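Visitor: Sharing a structure, written as structure tokens. Questions coming.
The values are calculated or read from the model by the stated rules, or taken from the named source; none is laboratory data. These figures come from a predicted structure and were not determined experimentally. For neighbour counting, all protein chains shown are included, and Cβ atoms are generated from backbone atoms with ideal geometry for every residue, glycine included.
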Amino acid sequence: MTISRRKLLTTGLAVAGAGLAKKVHAQPSPPATAPAAAPPTPAGKGSVVVPNGSLLPWTSRGGVKVYHLVAGALKHEIAPGLTIDAWGYNGSTPGPLLEANEGDRVRIYVTNKLPEATSVHWHGILLPHGQDGVAGLTQRAIMPGQTYRYDFTFDRAGTYMYHPHSDEMTQIALGMMGMIVVHPRGGPQAVVNGRRVRDYALMSHEWMVPIGTRRANPLAMNDFNVLTFNSKSFPGTAPLVAEVGDLVRLRLANLGPMDHHPIHIHGHHFDLVATDGGPVPPPARHPETTVLVPVGTTRTVELVARAPGDWALHCHMTHHAMNQMGHGAANMIGTDTRGLEARLGRVVPGYMTMGQAGMREMAEMDMTQPANSISMMGGKGPHGVIEMGGMFTILKVRDKLPAGDGDPGWYAAPPGTTAVEATADDLARDGIKP
Ligand SMILES: [Cu+2]
């Protein structure tokens, strides 16, 4: 049997983990020093901020807010190095966030530029039967080239979603989903109980993008390898920012195909204040650090920014905070592969096995990547490699943010407050024998 060098390398790199890999120093480093991508949507007067996303514009016609969604194909960058062919709305995935106020009468036009029929369901909104957007059940499907009109009134404040109810397995898998935020009557509250409100929307998604390709596979039921917040994987995720004492509201939504996501915050506790079913009564609220966001739900949590720092915010499923993991690799942890390397080195010069001591080395070395793929673990942080990817972002809390509430950069902890290697004196003083 002949082993093609190309095949070996491709296989090894594709699993990007406990398999084969070739070390090459001439290649550029994995992308990203800071996890800043596109700047967050500028906050209006209390408007929702969509990291890496945008708000859907509207016009007022005779007291009615008029919106226009255009379903179609687009190219989307998940993180520097990985661009996919996706479907979405108005050129983005997720589609722009639709923001309105309780009591608003709205008219939403939906144009279908997809190659197949679609419809839009207004998930969680209480509305008349004929506006519910279920193709075949409540309306005819919107055929390619057609524009439909939806008319209804947002009668409850809350966090909701929109998505196709026509071949939704394909359309959602390819990126068609969006969020809806309905503020209380009178508009967003920029200040609550004397605290400035930082209102953020993050939509979870999961994709199966075979390594080196550009198209998510809608038939996938597991082995999702690209996990995203607002369709971005770390280090492509833009940070969230707040000042100490601010009320941070996180509107979390999940329209991924299959998986629920336990979203975890560092350095803070939060209260679950609402779901897409309505507000949680104050006596029922309790502190958590992780909230499960099941498929087809929204969860709104609130916290008070407690202390300056760069606080991780991520899905706690370990495979959801990684990039493009392969699942077909042998488990090499603890194995002695020196003999293997010597033999394979004869046919693949420079061959090395990886993963014997864990996966960290994958993040540390400059490795060749197959075309259109991103490294398994995130990017470089202020203290070395951040061994995370996927559904991971950072809440950056500062005493004072830069003008315009931009990315303040990495947090510089006060001298003497960062964990460091223990000294011999430390060990002797406390009787520790490593
Ligand atoms: Cu998850």
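Visitor: So, restricting to strands (runs of 3 or more DSSP E) that lie completely within region 159-272, which ones have at least 2 residues that are in contact with a helix residue (DSSP H, G or I) (Cβ under 7 Å, 6 or more places away or on another chain) and either touching a residue at least 12 places away in the same chain (Cβ under 8 Å) or away from the ligand (no atom under 15 Å from the Cβ) (or both)?
Guide: Details: elements: 178-183, 195-207, 226-229, 240-243, 247-254, 261-265.
Strands (runs of 3 or more DSSP E) meeting the threshold: none at all.
Visitor: When residues of region 375-400 are filtered for being more than 16 Å from the ligand (Cβ to nearest atom) and assigned to a strand (DSSP E or B), how many remain?
Guide: Summing the residues that are more than 16 Å from the ligand (Cβ to nearest atom) and assigned to a strand (DSSP E or B) in region 375-400 gives 9.
Visitor: Between Ala305, Ala284, which is under 23 Å from Pro188 (Cβ atoms) and either of a type in the set (Gly, Ala, Ser) or within 16 Å of the ligand (Cβ to nearest atom) (or both)? Talk me through it step by step, then tell me what you get.
Guide: Details: Ala284 fails: under 23 Å from Pro188 (Cβ atoms).
Going through Ala305, Ala284 in turn, the sole match is Ala305.
Visitor: Which residue out of Thr138, Thr159 is surrounded by 15 or more Cβ atoms within 10 Å (Cβ to Cβ), farther than 19 Å from Lys232 by Cα and under 23 Å from the mean Cα position of the chain (by Cα)?
Guide: Exactly one residue qualifies, and that residue is Thr159.
Visitor: In region 141-155, how many residues are buried (at least 16 other Cβ atoms within 10 Å of the Cβ) and assigned to a loop (DSSP other than H, G, I, E, B)? Let's see the steps before the verdict.
Guide: Of region 141-155, the ones buried (at least 16 other Cβ atoms within 10 Å of the Cβ) are 141-142, 148, 150, 152-154.
Subsequent filtering for residues that are assigned to a loop (DSSP other than H, G, I, E, B) retains 141, 154.
Final tally of qualifying residues: 2.
Visitor: Mind telling me which of the residues Asn230, Asn225, Asn254 ends up being under 14 Å from the mean Cα position of the chain (by Cα), buried (at least 21 other Cβ atoms within 10 Å of the Cβ) and modelled with pLDDT under 95? Quick ask: steps written out before the conclusion?
Guide: Working: Asn230 fails: modelled with pLDDT under 95; Asn254 fails: modelled with pLDDT under 95.
None of the other options fit; the residue is Asn225.
Visitor: Going by what's in this entry, would Val293 be described as touching a Lys or Arg at 6+ places or on another chain (Cβ under 9 Å) and within 16 Å of the ligand (Cβ to nearest atom)?
Guide: Numbers: touching a Lys or Arg at 6+ places or on another chain (Cβ under 9 Å): yes; within 16 Å of the ligand (Cβ to nearest atom): yes.
Criteria met by Val293.
Visitor: May I pose another question? Provide a single number: the residues in region 304-361 that are crowded, with 16+ Cβ neighbours inside 10 Å, of a type in the set (A, V, I, L, M, F, W, C), modelled with pLDDT under 75 and part of a loop (DSSP other than H, G, I, E, B).
Guide: 6
Visitor: A further question on this structure: Of the conditions (1) at pLDDT 85 or above; (2) surrounded by 12 or more Cβ atoms within 10 Å (Cβ to Cβ); (3) closer than 30 Å to Gly81 by Cβ, Lys380 satisfies every one except a single condition; which number is it?
Guide: So Lys380 meets the others, but not (1).
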